[in-house]
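J.: Sharing a structure below in structure tokens format, with a few things to ask.
Every number here is computed from the coordinates shown, using simple stated rules; none is lab data. What you see is a predicted model, and the numbers here were worked out from it, not measured in a lab. Counting neighbours? That spans all protein chains shown, and the Cβs are built from the backbone with ideal geometry, glycine included.
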Amino acid sequence: MPVRSKWQSLPTEQINPATLAIDKLAPADIVEGMLNEDRKMLDAVRREKERISVGVEIITQALRKNGRVIFVGAGTSGRLGVLESAEMPPTFGTSPDLVQAIMAGGRGAILRAREGVEDNYEEGARSINRLRPTKRDIVIGVSASGMTQFVRGALTRARRAGSKIIFVTCDPRTELQTFVDLTIAPAVGPEVIAGSTRLKAGTATKMVLNMLTTAAMIRIGKTYGNLMVDVQMGSEKLKDRARRIITIVTGLEYEDADKLLRRAHWNVKAAIVMQKSGAGYQKALARLRHAHDFVRDAIGEDVEERLKELLKVG
């Protein structure tokens, strides 16, 4: 019998032999089965660690040259890109323009699925074109199946503009490997529910994107040790976090940390440099610029011992 489906052979569309009778299982057994599959997913991501590391370096170099990171995807893959871009400003103090996301179907598709929009190659090209990609930018295509036409259209247009391309998929056999600069392809295998890529494929993709963005931000000085020193002050919780970071790093009392932060215009990095060096606000900013925005280099001091003391670890 001839095969009529071009999706039939995709790993994410295969039937999982471990979950054939899942609709007859008790809740605890369904959960156990899903956990077993997620263990396989973790191994699949681990096998891609070298490629993920290469991706981190590609992104880091682009950010150091004032390039942007642009995610492109559809459905679950698109939403994961949107999530990454949305969380960069509050976590790392980046401009909303630095890390962006394009999703098939636009903003409305984030909350409500719009089937069919992922098949529009031309709209993918038009969507990325609106952002005017350049040679400095990194475009990260995200497609569990590796076949999403919207993503392919966007990547083709970005390639024409000279942007570097990273492709994140769960099909290691994708022919796009010859078209992009780097493919990261955790082979997660068949889903618990055949074709439901919001499961293992979605979780694996989220892990990969987390590692790419977080590691790149660390590499450009967005943390001091593992402290979030570029945190934005958009809420009382975040202001509290900033005060606690200051108390940890400088030894100041909580109320004094608040006063210091106010003098530093709620810039945690500047506040640390001011306290450690005795410099005023403007000179602290200058020291940070000279140190390429790394607190460690601006004050010439490591934070590990203070953190170990706080945690009571050797």
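J.: Among Pro27, Gly106, Ala74, flag the residue with its Cα farthest along the positive direction of the charge dipole of the chain, charges on Cβ as +1 for Lys/Arg and -1 for Asp/Glu.
T.: Working it through, the farthest residue towards the positive pole turns out to be Gly106.
J.: Quick one: dipole size for the range 221-314, taken about the Cα centre, charges +1 on Lys/Arg Cβ and -1 on Asp/Glu Cβ, in debye to the nearest 20.
T.: On the way: 18 positive and 14 negative charges, 51 e Å.
Its charge dipole is roughly 240 debye.
J.: Nearest 500 deg cm²/dmol is fine: what mean residue ellipticity at 222 nm does the chain get from its DSSP H runs of n ≥ 4 alone, each adding -39,500 (n - 2.57), divided by its residue count? Walk me through the intermediate numbers first.
T.: Values: 13 runs with 157 residues, N = 314.
Per the formula, -15500 deg cm²/dmol.
J.: A further question follows. Hey, could you pull the Cα Rg and Dmax for the range 44-219, both in Å?
T.: 14.6, 43
J.: Using the structure shown, select from Lys222/Lys283; Lys40/Lys312; Lys65/Lys259; Lys276/Lys312; Lys65/Lys269; Lys222/Lys259 the pairs with a Cα to Cα distance greater than 25 angstrom.
T.: Numbers: Lys222/Lys283 19 Å; Lys40/Lys312 35 Å; Lys65/Lys259 35 Å; Lys276/Lys312 23 Å; Lys65/Lys269 21 Å; Lys222/Lys259 23 Å.
Flagged as over cut-off: Lys40/Lys312; Lys65/Lys259.
J.: Give the Cα extents of the range 236-311 along the principal axes, in whole Å, largest first.
T.: Reported extents, whole Å, longest axis first: 30, 27, 19.
J.: Determine ³J(HN,Hα), in whole Hz, for all residues of the range 292-308 in sequence, where each value follows from phi through the Karplus function 6.51 cos²θ - 1.76 cosθ + 1.60 and θ = phi - 60°; x replaces Gly and Pro.
T.: 6, 6, 8, 4, 3, 6, 5, 10, x, 9, 7, 10, 4, 5, 5, 5, 5
J.: If you bin every alpha carbon distance in the range 21-128 into 5 Å steps from zero, what whole percent lands in each bin?
T.: 2, 10, 13, 14, 16, 17, 14, 7, 4, 2, 0, 0
J.: Only Lys, Arg, Asp and Glu count, each charged at its Cβ (+1, +1, -1, -1), so figure out the dipole size of the chain about its Cα centre, rounded to 20 debye. Could you put the intermediate results ahead of the total?
T.: Working: 49 positive and 37 negative charges, 223 e Å.
With only Lys, Arg, Asp and Glu charged at Cβ, the dipole is about 1080 debye.
J.: List every residue whose amide H lies under 5 Å from the amide H of Val99, counting only residues 5 or more places away in sequence or on a different chain, with H placed 1.01 Å from N in the peptide plane.
T.: Hits under the 5 Å cutoff: Val69.
J.: In a Debye calculation with equal point scatterers on the alpha-carbon sites of the range 147-207 and no solvent, what is log10 I(q)/I(0) at q = 0.13, 0.19, 0.21, 0.28 Å⁻¹?
T.: Result of the Debye calculation: -0.37, -0.74, -0.86, -1.20.
J.: Can you sort Asp97, Asp43, Asp293 so the residue with the fewest Cβ neighbours within 10 Å comes first? Walk me through the numbers on the way to the answer.
T.: Numbers: Asp97 9, Asp43 12, Asp293 15.
Ranked by crowding around the Cβ, least crowded first: Asp97, Asp43, Asp293.
J.: Rg to Rh ratio, the range 53-115, alpha-carbon atoms and Kirkwood radius?
T.: Rounded to two decimals, Rg over Rh is 1.02.
J.: While we're here: Taking neighbour counts of Cβ atoms within 10 Å as a proxy for exposure, in what order, fewest first, do Tyr254, Tyr224 appear?
T.: Ordered by Cβ neighbours within 10 Å, fewest first: Tyr254, Tyr224.
J.: Let me check I've understood the local charge: for Asn129, count other residues with C-beta under 13 angstrom from its C-beta, Lys and Arg +1, Asp and Glu -1. What total comes out?
T.: Details: positive: Arg126, Arg130, Arg132, Arg157, Arg159, Arg160; negative: Glu122, Glu123, Asp137.
For residues surrounding Asn129, the net value is +3.
J.: Next question. With both partners inside the chain, how many of the DSSP beta bridges are antiparallel, as a percent to the nearest 5? Intermediate results must be reported in sequence, preceding the final value.
T.: On the way: 1 of 19 bridges.
Of all bridge pairs located within the chain, approximately 5 percent are antiparallel.
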